[in-house]
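Each remark here refers to the structure printed beneath this line.
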Amino acid sequence: MKKFFTLIAVAGMFSFYACGPSAEEIAAKEKAKNDSIAKAAEEAAAVEAAKQQAMADSIAKVEAAALAEKAKADSIAAAEEAAKSKKPSGGGKPKVVVPKTVTAPGGRSGATKQ
C-alpha cells in the first residue's frame, strides 16, 4: 500500500507539471507584457514632450522679457536724442524786457521845468 501511495504522489507531481499554462495563456501573458512596455514608452514620450514644451515656453518668456527691455531702452534713447536735438525757442537765451522811459509832452524828459 505504501508503494501505491508513493506512486500516486509521484504521478500527481508529474500531472501538475504537465498541466502548465496552455499556449493561449502564454500568449496572453506575452501580450500583457508587450502592452505594459508600450504603455511605459508612451508615458516616457509624453513626459519628454512636456519637458520640451516647458523649456520652449521658458525660452520664449525670457526672449519676450529681453525684447521688452530692449524696447524700453530704445524708447529712452530716442527720447534723450529728441531732447538733445530739440532747440529751445528764442535762440537759447531768454529775452529781457526793458521798460521804456516815459517822456513828457513836448519832447522833454525828466521832471524839471524850465
Report summary line: Count of lysine pairs, region 17-79, Cα-Cα under 29 Å, sep. 8 or more residues or interchain, comes to 8
Query - Estimated vicinal HN-Hα couplings, Hz - region 66-82 in sequence order (Karplus 6.51, -1.76, 1.60; Gly, Pro = x) - result: 5, 5, 5, 5, 5, 4, 5, 5, 5, 5, 5, 5, 5, 5, 5, 5, 5
Query - Gain on full stretching of the segment that runs from E30 to K2 - 0.36 nm per residue minus C-alpha separation - result: 5.8 nm
Query raised in the report: What is the spin-label model distance, in nm, from I37 to L67 if the labels are put 7 Å beyond Cα along the C-beta direction?
Result: 4.6
**Report entry** Reference-scaled alpha-carbon Rg (2.2 N^0.38 Å with N residues) for region 17-79
**Finding:** 2.57
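Quick note: the coordinates plus some simple rules give every number you see, no bench work behind them. Remember, predicted model here, so these are calculated numbers, not experimental data. Every residue, glycine as well, gets a Cβ built from its backbone with ideal geometry; the counts of neighbours run over all protein chains shown.
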